1. Hey, can you tell me all the residues within segment 187-196 that are outside any helix (DSSP H, G or I) and under 14 Å from residue 154 (Cα atoms)?
2. Condition check: over 27 Å from residue 119 (Cα atoms), surrounded by fewer than 18 Cβ atoms within 10 Å (Cβ to Cβ), touching a helix residue (DSSP H, G or I) at 6+ places or on another chain (Cβ under 8 Å) and without any contact (Cβ under 8 Å) to a residue 60 or more places away in the chain. Does residue 151 satisfy that?
3. Is there any pair linking a residue in segment 238-255 that is over 17 Å from residue 86 (Cβ atoms) to one that is part of a helix (DSSP H, G or I) and modelled with pLDDT of 95 or more, with Cβ under 8 Å and at least six apart or on different chains, and which?
4. Quick check on residue 231: is it surrounded by fewer than 22 Cβ atoms within 10 Å (Cβ to Cβ) and touching a residue at least 40 places away in the same chain (Cβ under 8 Å)?
5. Name the residue that is nearest to residue 72 (Cα to Cα), counting only residues in segment 22-50 that are touching a helix residue (DSSP H, G or I) at 6+ places or on another chain (Cβ under 7 Å) and assigned to a strand (DSSP E or B).
6. Could you list all residues from segment 54-64 that are in contact (Cβ under 8 Å) with a residue 24 or more places away in the chain and assigned to a helix (DSSP H, G or I)?
7. Which ones in segment 223-236 are farther than 19 Å from residue 23 by Cα, assigned to a helix (DSSP H, G or I) and touching a helix residue (DSSP H, G or I) at 6+ places or on another chain (Cβ under 9 Å)?
8. Which residue is farthest from residue 10 (Cα to Cα), if the candidates are limited to segment 259-281 and must be in a strand (DSSP E or B) and either outside the structural domain of residue 88 (by TED's automatic domain parsing) or at pLDDT 95 or above (or both)?
């Protein structure tokens, strides 16, 4: 995602060391490794780690793959005094995870709505719905999905779960549709699914923790790139970068977001909402 733009901002040079906070299947890491960079890659998904290790096997001497969440790893690396010439975080949900019906990310999945990305998730989406009160669930849907009908949706989901009539991701989507009026090209459950996924994986909390320690992970002159996919993430990145710059922890930063060009957006529609922000220590 936004590979050319990422490389332009990270400016990888042979012999440098970079941190890929969201390794995924290794697309960004591969481009860095091909330029002679050593990479520490983090991913919470065991399957993604295994596939990335296989894909990047030729670069094994310059590659270290870590499990767990990127926030935990970033804090540990910063505390240990490790520094990097570049840090990348591509916050988009893995297409591999979305397209795997067995993981319950999709509104069309006929399995339990799991939505866990991997390590560090104590409960899945259905357990979250069951645990939260109507009001707390509504707050999650409103805060993370920016859904104005959050209270109506939360009540409907709680009632459906209590009656035993909501067992799969597809069922959750149907319940939401049943209480959202009107018709549009976008399924009315998309915002709710986004909210549940963010809550299950603590995505905003993970990002905020990374942003706090980001300057500590960079060498002098080190570059940081964060690619976000919705307004909550982008707002957090923008505000954090500006605060670090005002405090003298960043020497330079991008004033405007970079988005995918028409060629990439056409070839990969999932790149359309991507927003890249960068900063330099």
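1. Taking segment 187-196 first, the residues outside any helix (DSSP H, G or I) are 187-189.
Within segment 187-196, 188, 189 qualify.
2. Numbers: over 27 Å from residue 119 (Cα atoms): yes; surrounded by fewer than 18 Cβ atoms within 10 Å (Cβ to Cβ): yes; touching a helix residue (DSSP H, G or I) at 6+ places or on another chain (Cβ under 8 Å): yes; without any contact (Cβ under 8 Å) to a residue 60 or more places away in the chain: yes.
Yes, satisfied.
3. 240/208; 240/211; 240/212; 240/214
4. Working: surrounded by fewer than 22 Cβ atoms within 10 Å (Cβ to Cβ): yes; touching a residue at least 40 places away in the same chain (Cβ under 8 Å): yes.
Against the criterion (surrounded by fewer than 22 Cβ atoms within 10 Å (Cβ to Cβ) and touching a residue at least 40 places away in the same chain (Cβ under 8 Å)), residue 231 qualifies.
5. 42
6. Keep residues of segment 54-64 that are in contact (Cβ under 8 Å) with a residue 24 or more places away in the chain, which gives 55-56, 59, 62-64.
Across segment 54-64, the qualifying residues are 55, 59, 62.
7. Step one: filter segment 223-236 for residues farther than 19 Å from residue 23 by Cα, giving 230-232, 234-236.
Cutting the leftovers down to assigned to a helix (DSSP H, G or I) gives us 231-232, 234-236.
Result: 232, 236.
8. Our first condition is that a residue be in a strand (DSSP E or B); within segment 259-281, this holds for 259, 275-280.
Filter once more, so that each one left must be either outside the structural domain of residue 88 (by TED's automatic domain parsing) or at pLDDT 95 or above (or both): 275-280.
On the way: 275: 15, 276: 12, 277: 11, 278: 8, 279: 9, 280: 9 Å.
The qualifying residue farthest from residue 10 (Cα to Cα) is 275.
The values are calculated or read from the model by the stated rules, or taken from the named source; none is laboratory data. Quick caveat: nothing in here was measured; it's all calculated off a predicted structure. Don't worry about glycine lacking a Cβ; one is built from the backbone with ideal geometry, like all the others, and counts go over all protein chains shown.
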